[in-house]
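The values are calculated or read from the model by the stated rules, or taken from the named source; none is laboratory data. Note that the structure is a prediction, hence the values are computed from the model and not measured. Please note: Cβ atoms are built from the backbone with ideal geometry, for glycine as well, and neighbour counts cover all protein chains shown. These area figures cover heavy atoms from the full protein model, side chains too; ligands, DNA and RNA do not enter into them. Shrake-Rupley method; radii C 1.70, N 1.55, O 1.52, S 1.80 Å.
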Amino acid sequence: MTSPGKDPKQALKVGISANLGWGFELFDFVVYLYASTIIAPLFFPSNNYYVSVLETLLALVIGYFARPFGAIFFGHFGDRLGRKRQWFLSLLLMGLATIFIGFLPTYAQIGIMATILLVILRMLQGFFLAGEWGGGMTFVAEVSPDNRRGLYGGIQQGGAGLGLIFAVAAYTLASFLAPGAMMETLGWRIMFWFGAIPLAIALAVRWGVDESFEWLQKGKQKAPRYPFVFLIKKYWKLVIVATLVMFGVGVIYYGSIAYMPDFLGLFVKVSPGIISTAVLITNLMWLFFSPIAGYLSDKLITRKGMLAVIFGATAILLYPIFLLLHTGVPSLIYLGGAVLGLLFSAQYSILPAWLAENISTAVRYTYISFVINLGVAFSSFAPFLATFFSLALGNAVLGTSTLVIVSTIVALLFVLIGPRDRVAQALE
């Protein structure tokens with residue numbers, strides 16, 4: 001008889017909830033990237049437009065360095081008090097911070113306080129997001145049947161593609177309601193307000209999720225008094241390896257898929273319609289292929305091997321992909337985006353199970369939240385660095401692709417020296 005915590009129906013429900021929550025998380029990041037070229041002079045005025053854009057992207061980075069602290073905070077209470085409440089609360093607060101950005105006065109209205117308030121809200125987004133993403137990966141792994149953790153982790157990670165689709169919808173709606181010059185006064189605000197829709201859907205689904213059976217049986221009584229301190233003392237090598245893998249993966253994402261609108265807008269000069277279509281195609285590939293890749297890692301009984309192959313293929317194909325994007329030819333842009341979505345979904349879908357299977361239930365929330373958010377904090381420099389290198393070299397393809405390829409090799413090397421596979425085995 002299947003235990004309540006390993007019921008496939010419950011696992012699917014949690015997976016869908018995590019999918020929606022993760023989708024909203026990525027919406028919060030990508031909608032900022034979409035709006036960055038619009039809000040740059042509104043919050044970071046300068047005589048040089050590109051300087052304003054770079055400063056806007058740096059504000060994004062500052063917000064991401066709040067994430068490791070949020071990971072420690074939510075991981076502490078998630079391991080000691082349970083997964084569900086922290087997971088729900090972090091999503092709610094993150095959503096409110098996103099929506100409030102749409103109400104901010106601009107630099108022209110209140111001066112430097114507008115910039116400060118934007119940075120504060122970005123930091124709050126990062127702090128709360130840390131608990132949502134790590135909580136989702138932990139929760140899904142713990143409720144999934146042992147031989148299907150890859151599948152349900154893939155369902156969750158497919159939400160990232162959904163997040164970018166939400167961002168396209170927000171941009172399209174804002175362009176319709178506030179066309180032309182109105183984007184600089186009202187349109188960018190609509191993009192952030194749109195976040196209330198995916199937030200409400202995600203919260204409604206999450207409200208009915210049960211507590212993690214694994215935590216109730218194995219983690220509740222064994223959680224140390226200070227989970228983060230225990231984690232660093234006992235698992236410090238694993239923390240370093242996993243953080244560097246997540247750093248590499250993060251740069252791949254933030255320097256390619258998430259950066260695609262800026263790359264196409266700044267350096268290729270294609271129309272907003274082509275950019276939106278490219279992003280939509282890329283993330284539809286991600287959304288639908290992610291569960292398939294996760295399922296394949298279950299059937300092949302290897303996550304480490306699959307990650308290594310995918311990272312290798314990504315390193316080889318990234319430069320040609322950026323060449324396709326840079327042609328400005330819509331069909332080639334769409335092809336490049338589709339291949340990029342396929343490659344990235346394959347690696348992202350495997351990570352929740354890969355991380356969860358090598359750590360104790362007593363500190364799993366803290367471990368997953370910390371390593372993914374610390375790695376991503378450093379990888380959030382990718383949009384800034386991609387823009388900087390592209391301008392410095394006078395070659396957007398070379399500047400962007402080199403950055404991402406080097407990071408892909410980092411991820412590959414640390415996956416190879418990482419822990420052995422424990423596919424289909426019971427969690428510790």
Expressed as an acute angle from 0 to 90° and rounded to the nearest 10, what is the orientation of the C-alpha long axis of helix 364-379 relative to the principal long axis of the chain? 20
Förster-model FRET efficiency, 41 Å R0, residue 112 and residue 425, C-beta, rounded to 0.05: 0.15
Net charge, residue 43 excluded, C-beta distance under 12 Å - Lys, Arg +1, Asp, Glu -1: -1
Suppose all protein chains stay in the model; what accessible area per residue would a 1.4 Å probe give for segment 286-428, in Å²? 34
What are the ³J(HN,Hα) values, in whole Hz, obtained from phi via the Karplus relation 6.51 cos²θ - 1.76 cosθ + 1.60 with θ = phi - 60°, for each residue of segment 343-349 in sequence order, with x given for Gly and Pro? 5, 6, 4, 5, 7, 5, 5
Under the 7 Å Cα-to-Cβ spin-label approximation, residue 233 and residue 38 lie apart by a distance in nanometres of 5.1
Using a probe of 1.4 angstrom, how much of the accessible area of segment 84-174 is carbon and sulfur, in percent? 77
List, in order, the whole-Hz ³J(HN,Hα) value for each residue of segment 201-213 obtained from phi through the Karplus relation with A = 6.51, B = -1.76, C = 1.60 and θ = phi - 60°; use x for Gly and Pro. 5, 5, 5, 4, 5, 5, 4, x, 7, 7, 5, 4, 5
Of 61, 326, 226, which is farthest on the positive side of the dipole of the chain, counting Cα position, with +1 on Lys and Arg Cβ, -1 on Asp and Glu Cβ, and the Cα centre as origin? 226
So what is the relative contact order for segment 272-428, in percent, with contacts set as C-alpha pairs under 8 Å and at least six apart? 36
Phi to ³J(HN,Hα) by Karplus 6.51 cos²θ - 1.76 cosθ + 1.60 over segment 150-164, Hz, x for Gly, Pro: x, 4, 6, x, x, 4, 4, 5, x, x, 4, x, 4, x, 6
So how tilted is helix 49-64 from the main axis of the chain? Cα-based, degrees 0 to 90, rounded to 10. 20
Excluding ligands, DNA and RNA, what is the solvent-accessible area per residue of segment 3-131 at a probe of 1.4 Å, expressed in Å²? 35
Using a Gaussian network model of the chain with C-alpha springs under 10 Å, which one of 194, 389, 247 is most mobile by mean-square fluctuation? 389
Label corresponding to log10 I(q)/I(0) by the Debye sum over Cα atoms at q = 0.09, 0.11, 0.14 Å⁻¹ when calculated from the structure given, among (1) -0.71, -0.88, -1.18; (2) -0.50, -0.76, -1.24; (3) -0.58, -0.88, -1.44: (2)
Take the chain, connect every pair of alpha-carbon atoms lying under 10 Å apart with a spring to form a Gaussian network, then pick out the residue of 351, 60, 216 with the largest mean-square fluctuation. 216
Out of residues 5 or more away from residue 428 or on other chains, whose amide H comes under 5 Å of its own, with H placed 1.01 Å from N in the peptide plane? 359, 361
Given the chain, what count of lysine pairs have C-alpha atoms under 25 Å apart, with each pair 8 or more places apart or on different chains? 29
